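What follows is a single structure, written as structure tokens, with notes after it.
The values are calculated or read from the model by the stated rules, or taken from the named source; none is laboratory data. Predicted, not measured: the structure shown is a model, and the values here were computed from it. Here Cβ is always computed from backbone atoms with ideal geometry, including for glycine, and neighbour counts include all displayed protein chains.
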Amino acid sequence: MRSVKRTVKWVVGVIVLGMAAYVALVVWQGSQAKAAIKQSNTPLGQWVDVGGFNMHLHCLGTGSPTVILEAGAGDFSVIWEKVHGVLSTTTQVCAYDRSGLGWSEINPEEEAVVRVETRVEELTTLLNAANVAPPYIMVGHSFGGLLAQAYVQTHREDVAGLVLIDALHAEQSEDLRAIHQKKMQQAAEEYQVVSVMQKIGLLALSPNEIPNPGLSEEGVAKYRGVLASLPHVESMLLELNSIPDNLMERRNPSAGDGASMPTALIYATSHQDAGLSAQENATFATQWVALQRQVAAQSSNTVVLADEQSGHYIQLDNPDLVNRTILDMVNTLR
């Protein structure tokens, strides 16, 4: 009996060692794959020193006003590929990656909660360091819309126009806030798993398994390369988890927010999330549309466009509408 127990213990030990060796091999292969992807997946634009770390800025075209593209929560510059190039034939267009996202380095002074004010300061420093001169047309999608509006509030003299694309707004009803927070929590839980996979190199070993959000072949290769090889996912999580605090802090925006500024507001009328019930989806869509119209009514100079065909990523689903709207503003302001 004793010899049998010893044999069983030996077999278990061999299995454990074998599994440990296999995991170590996978981690090593993952680290090699991450390094290879990082080396080959070069940035679309340039790195700009913003004082202690570098941020990625991708500017195309020439002319004024300059269009500044502000991506949604956890997104980065490549998400604008269907807008960026088209607009650059008419004026200068700049997309960038917030600190820790895309090809931008992590801000060494970053706090546990990403604050809107910090993001605005980073963008201000970036544009100044890169000599990207005003006037600007600020274009913000989703959480980027909240950031764009915050930039207007603190830099009104530099901004000539504002375009909001299915933008996030702080003044939400209790029902809308609860459903939105549920959506953010579900997304954060998914990305926590993705973050672990990224750290140990599993994403780098199978980057083609990363879903395509609707980009071109070249664009999705860049997108997958960033998610697989850079600390983007961890910074994405930090930004997502910071949204509720930022919404609460900005429920009563300060005066001087550019109520008379030329503004275009594009919103999607349909929002379907697999993680929500049919009733929650219906409630969210109804109240989201009501909020967009409420925000539009606060301005005396706003063009409102409802998109009944697109999902939340209108710049990917219906880029012609977005491009046409921005170009109309550019031509009006010239």
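A few notes on this one:
- Residue match in the range 205-214 (condition: among the small types (G, A, S), outside any helix (DSSP H, G or I) and either farther than 30 Å from E110 by Cα or more than 20 Å from the chain's Cα centre (by Cα) (or both)): yes
- Residue in the range 93-107 that is in a loop (DSSP other than H, G, I, E, B), among the acidic types (D, E), on the phi < 0 side of the Ramachandran plot and surrounded by fewer than 21 Cβ atoms within 10 Å (Cβ to Cβ) present: yes
- Residue within the range 221-241 that is among the small types (G, A, S) and loosely packed, with under 15 Cβ neighbours inside 10 Å present: no
- Neighbours by Cβ (under 7 Å, 6+ apart or cross-chain): first from the range 157-173, modelled with pLDDT of 95 or more; second among the charged types (D, E, K, R): none
- Within the option set K38, K82, being over 21 Å from L327 (Cβ atoms), surrounded by fewer than 23 Cβ atoms within 10 Å (Cβ to Cβ) and touching a residue at least 60 places away in the same chain (Cβ under 8 Å) holds for one residue only, K38.
- Qualifying residue in the range 135-145 (condition: modelled with pLDDT of 95 or more, in a strand (DSSP E or B) and surrounded by fewer than 24 Cβ atoms within 10 Å (Cβ to Cβ)): no
- Just one of the numbered conditions (1) over 21 Å from the mean Cα position of the chain (by Cα); (2) assigned to a loop (DSSP other than H, G, I, E, B); (3) without any contact (Cβ under 8 Å) to a residue 60 or more places away in the chain is not true of L276: (3).
- Near pairs, Cβ below 8 angstrom, 6+ apart or cross-chain, from the range 129-146 (over 18 Å from E157 (Cα atoms)) to any residue that is of a type in the set (S, T, Y): H141/Y313
- Qualifying residue in the range 196-210 (condition: surrounded by 14 or more Cβ atoms within 10 Å (Cβ to Cβ) and closer than 30 Å to A282 by Cα): yes
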